[in-house]
Amino acid sequence: MLKFDAGKNPELKVLSLILVGSFILMAILSPRNFLKIGTFQGMAFQLPELGLLSLAMMISMLTGGINLSIIATTNISAIFAAMILTSSINPELASSGDGIVIVIAILVALLVSVLVGLINGILISVVNIPPILATLGTMKLLQGLAFIITRGYVISGMPEAIRLIGNGMILGIPVPLFIFVFFAWLMAFYLNHTATGFNIFLFGSNPVATFFSGVNNKKVIIQTYMMSGFYCGLAALVMMSRFNSAKAGYGESYLLVTILAAVLGGVKSEGGFGNVSGLVLALVILQIVANGLNLIGVSSFLTVAIWGLIMIAVMVIHFMTGKKRVQA
Amino acid sequence: MKKLLKYHETYLLIIIVLLSIVITTKNANFFTAENMFDLLKSNSFVGIMAIGVLLVLISGGIDISFAAIATVSEYIMAVTIIRIGGSVLSAIAIAVLIGTLLGFLNGYLIYKFRIPPIIATIATMNIYYGSLMVITGGKWIYSLPDWFRSFAEIRLLTFLNSNGNPYGLSVITVIWFLVIIVAVVILRFTILGRSIYALGGNRNSAVRVGFNVFLTETFVYSFLGFMAGLAGVVQALLVQAVAPNSIVGKELDVIAAVVLGGASLSGGKGSVPGAILGVALLAILKNGMTMMAVPAVWYEFFVGAVILVSIGFSSYQDKKKSNNTAIIDVKEQESLC
């Protein structure tokens with residue numbers, strides 16, 4: 001669904017108009033700085049971690065749930081991976097065993113995050129805790145665990161190969177962007193071309209009907225949150241590599257921004273609606289606004305306020321167009 | 001006795017009593033009047049916001065922006081009393097007015113444009129807090145007037161501890177108690193209270209029965225705004241300084257406390273005693289950890305565990321109960337709402 005078919009989908013049309021509008025606005029406001037390759041490379045470095053986290057948030061929202069534990073999951077995965085890396089690899093001296101350690105660290109990060117997803121899924125579907133509370137609980141639990149493990153200190157000094165994930169460039173295009181594009185495509189494929197993906201949308205629209213059409217609702221929810229966890233694990237790797245460190249409490253301000261990006265991209269918080277292309281458009285809009293305003297020297301808090309205004313504007317537009325459709 | 005066991009609040013009370021016994025055996029200073037009065041004072045800030053959050057949750061909504069509202073009201077209040085002067089009453093009036101206005105805006109957006117409350121309030125949180133930080137540059141305020149400082153030290157009951165230091169019932173705690181009484185009266189004895197429960201229970205039914213949904217919905221968010229404004233003043237009284245970044249980020253903790261008290265996020269359920277017990281549980285947990293010399297890094301972990309165990313327990317019971325009942329839901333009709 002990364003294909004662009006704005007004609008069919010009015011929400012994508014609105015989003016692409018906003019995208020073009022914000023692009024032109026920024027180009028006018030700051031013609032010298034904005035239209036430079038460096039600016040776009042900068043954006044391409046920043047977008048992937050927020051993008052992966054937003055995908056993690058999006059898939060939980062498609063089922064009508066929410067995943068507040070994404071940042072905490074990301075941090076705990078990064079901390080585990082960083083501990084493995086820093087304890088067995090000396091970044092100054094390359095040795096032949098490094099490759100295996102790096103692979104193990106990456107696998108551990110992904111495994112931890114998927115495991116957290118599994119716990120979330122069980123708490124929500126088997127124990128029957130509302131998603132917002134279950135993930136709030138695991139968020140606190142993991143934040144606490146991260147502090148207990150690290151005592152609040154930063155774990156830093158990653159080997160060169162790991163730093164490549166977040167900081168490397170191929171043909172002038174940042175490596176994290178490749179990672180993001182591939183996994184965004186994978187998410188779109190998973191949602192649109194697999195049975196589980198179909199069931200996720202179905203569950204989001206009507207859980208009871210989904211149950212009576214013979215779907216194992218518990219399995220759908222558990223898979224959703226495991227997938228959500230997996231994307232947190234990916235974000236953990238990118239973030240750990242970009243910051244060259246791991247710490248409890250990194251990126252906490254991203255949590256609400258991911259919800260904002262998902263909703264801006266057309267994901268309905270009641271579940272059942274949303275697609276990856278909308279989310280990607282929304283992410284690019286947020287990034288352009290943030291970078292553009294940063295270039296003309298506006299405080300990052302004003303950017304946050306403007307994001308809020310854009311979000312309300314989009315919701316109001318959705319409401320108005322929805323009303324028109326009902327009347328017609 | 002059997003009837004008592006039906007209430008969520010009873011279990012919560014039992015947990016609090018058990019926790020208190022454990023803490024007291026480790027450190028006898030916990031169960032003293034001085035510590036209790038101190039807890040009541042220092043938690044009145046969270047307690048006041050919790051009452052506001054309770055009403056929103058009962059109505060089936062949620063609000064993420066109240067911490068931002070509290071910060072904005074607190075800041076404007078502080079700037080006004082420093083520049084223009086005034087009294088405690090005018091300080092409260094300013095903060096409460098701003099809080100109510102911002103809360104009303106939330107309610108209006110949610111009702112008028114049918115924006116899901118969590119989305120609308122995340123957006124307004126960013127707008128309120130972002131604008132405040134842009135305008136003020138995030139500067140802290142220390143130089144609050146002397147009368148503001150002396151008001152915070154008023155006690156309605158005063159005792160002396162063994163060292164001869166006074167302690168007792170602070171005026172700040174009394175503000176919290178007044179808020180509790182107001183909330184109980186609204187929820188128990190007014191039509192408005194009934195309509196809040198009705199709206200949270202089933203929106204369509206509430207419309208059909210003839211409750212004014214616009215009034216109810218804007219009321220709960222305005223009420224939370226009011227409480228956030230009041231809590232902002234209380235925070236300033238407690239800390240005697242205004243730090244724009246000290247409250248924001250605590251919103252989920254307050255919601256967690258209220259939910260621990262039995263309020264349901266799907267609406268229609270919740271009580272004032274429950275919300276107070278929820279706040280008390282988290283407060284005693286934190287205080288008890290300090291008393292038992294448990295490292296502070298464990299606090300978040302325990303909070304998470306308490307939330308999961310307590311809510312998991314009640315959710316699992318609800319699930320067993322609902323397996324024996326059928327739910328017949330009417331289809332939502334646009335024209336009605």
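Looking across the range A:272-309, the residues that are part of a helix (DSSP H, G or I) and at the interface with another protein chain (Cβ under 8 Å from one of its Cβ atoms) come down to A:Phe301, A:Leu302, A:Thr303, A:Val304, A:Ala305, A:Ile306, A:Trp307, A:Gly308, A:Leu309. Might you let me know whether the range B:139-152 holds any residue that is within 14 Å of chain A (Cβ to nearest Cβ) and over 30 Å from B:Gly268 (Cβ atoms)? Yes: the range B:139-152 contains one or more residues that are within 14 Å of chain A (Cβ to nearest Cβ) and over 30 Å from B:Gly268 (Cβ atoms). Show me the helices (runs of 4 or more DSSP H) found entirely inside the range B:4-65 where at least 3 residues are more than 22 Å from the chain's Cα centre (by Cα). Where helices (runs of 4 or more DSSP H) fall fully within the range B:4-65 and carry at least 3 residues being more than 22 Å from the chain's Cα centre (by Cα), they are B:8-26. Of the candidates A:Leu171, A:Leu110, A:Leu141, the single residue that is of a type outside the set (D, E, K, R) and within 30 Å of A:Ile37 (Cβ to Cβ) is A:Leu171. Within the range B:75-86, one or more residues are surrounded by fewer than 19 Cβ atoms within 10 Å (Cβ to Cβ), outside any helix (DSSP H, G or I), in contact (Cβ under 8 Å) with a residue 60 or more places away in the chain and not acidic (Asp, Glu). Screening B:Ile311 against (1) more than 9 Å from chain A (Cβ to nearest Cβ); (2) modelled with pLDDT under 85; (3) farther than 19 Å from B:Ala228 by Cα leaves a single unmet condition, (1).
Whenever a residue of the range A:235-261 is touching a residue at least 24 places away in the same chain (Cβ under 8 Å) and more than 14 Å from every other protein chain (Cβ to nearest Cβ), its partners that are of a type in the set (Asp, Glu) and crowded, with 22+ Cβ neighbours inside 10 Å, lying with C-beta atoms within less than 6 angstrom and at least six residues away or across chains, give the pairs A:Ala235/A:Glu49; A:Val238/A:Glu49; A:Met239/A:Glu49. Here is a check on your reading of the model: is B:Gly262 within 22 Å of B:Leu199 (Cα to Cα) and either over 14 Å from the mean Cα position of the chain (by Cα) or surrounded by 18 or more Cβ atoms within 10 Å (Cβ to Cβ) (or both)? Yes.
So for the range B:284-306 (the condition being outside any loop (DSSP other than H, G, I, E, B), in contact (Cβ under 8 Å) with a residue 12 or more places away in the chain, of a type in the set (A, V, I, L, M, F, W, C) and within 8 Å of chain A (Cβ to nearest Cβ)), does at least one residue qualify? Yes, the range B:284-306 contains a residue that is outside any loop (DSSP other than H, G, I, E, B), in contact (Cβ under 8 Å) with a residue 12 or more places away in the chain, of a type in the set (A, V, I, L, M, F, W, C) and within 8 Å of chain A (Cβ to nearest Cβ). Take the range B:113-161 and flag every residue that is basic (Lys, Arg) and exposed (fewer than 15 other Cβ atoms within 10 Å of the Cβ). Of everything in the range B:113-161, those that are basic (Lys, Arg) and exposed (fewer than 15 other Cβ atoms within 10 Å of the Cβ) turn out to be B:Lys139, B:Arg149. Say whether the condition of being touching a Phe, Trp or Tyr at 6+ places or on another chain (Cβ under 8 Å), surrounded by fewer than 21 Cβ atoms within 10 Å (Cβ to Cβ), within 30 Å of B:Pro295 (Cα to Cα) and at the interface with chain B (Cβ under 9 Å from one of its Cβ atoms) is met by at least one residue in the range A:146-165. Checked against the condition, which is being touching a Phe, Trp or Tyr at 6+ places or on another chain (Cβ under 8 Å), surrounded by fewer than 21 Cβ atoms within 10 Å (Cβ to Cβ), within 30 Å of B:Pro295 (Cα to Cα) and at the interface with chain B (Cβ under 9 Å from one of its Cβ atoms), the range A:146-165 yields at least one hit. Of the candidates B:Leu132, B:Leu109, the single residue that is touching a residue at least 24 places away in the same chain (Cβ under 8 Å), assigned to a helix (DSSP H, G or I) and within 14 Å of another protein chain (Cβ to nearest Cβ) is B:Leu132. Based on this model, can you work out whether B:Arg203 counts as closer than 20 Å to B:Asn106 by Cα, away from chain A (no Cβ under 11 Å) and surrounded by fewer than 24 Cβ atoms within 10 Å (Cβ to Cβ)? The answer is yes for B:Arg203. With respect to (1) of a type outside the set (Phe, Trp, Tyr); (2) surrounded by 20 or more Cβ atoms within 10 Å (Cβ to Cβ); (3) without any contact (Cβ under 8 Å) to a residue 60 or more places away in the chain; (4) more than 9 Å from every other protein chain (Cβ to nearest Cβ), the lone exception for A:Pro174 is condition (3). Would you check if A:Leu191 is among the hydrophobic types (A, V, I, L, M, F, W, C), within 14 Å of another protein chain (Cβ to nearest Cβ) and either in contact with a His (Cβ under 9 Å, 6 or more places away or on another chain) or surrounded by 14 or more Cβ atoms within 10 Å (Cβ to Cβ) (or both)? Against the criterion (among the hydrophobic types (A, V, I, L, M, F, W, C), within 14 Å of another protein chain (Cβ to nearest Cβ) and either in contact with a His (Cβ under 9 Å, 6 or more places away or on another chain) or surrounded by 14 or more Cβ atoms within 10 Å (Cβ to Cβ) (or both)), A:Leu191 does not qualify. B:Arg188 meets all of the listed conditions (1) surrounded by 12 or more Cβ atoms within 10 Å (Cβ to Cβ); (2) over 30 Å from B:Val242 (Cβ atoms) but one, namely (1).
The values are calculated or read from the model by the stated rules, or taken from the named source; none is laboratory data. Since this is a predicted model, take the numbers as computed values, not measurements. Cβ sites come from the backbone with ideal geometry, for glycine too, and all protein chains shown count toward neighbours.
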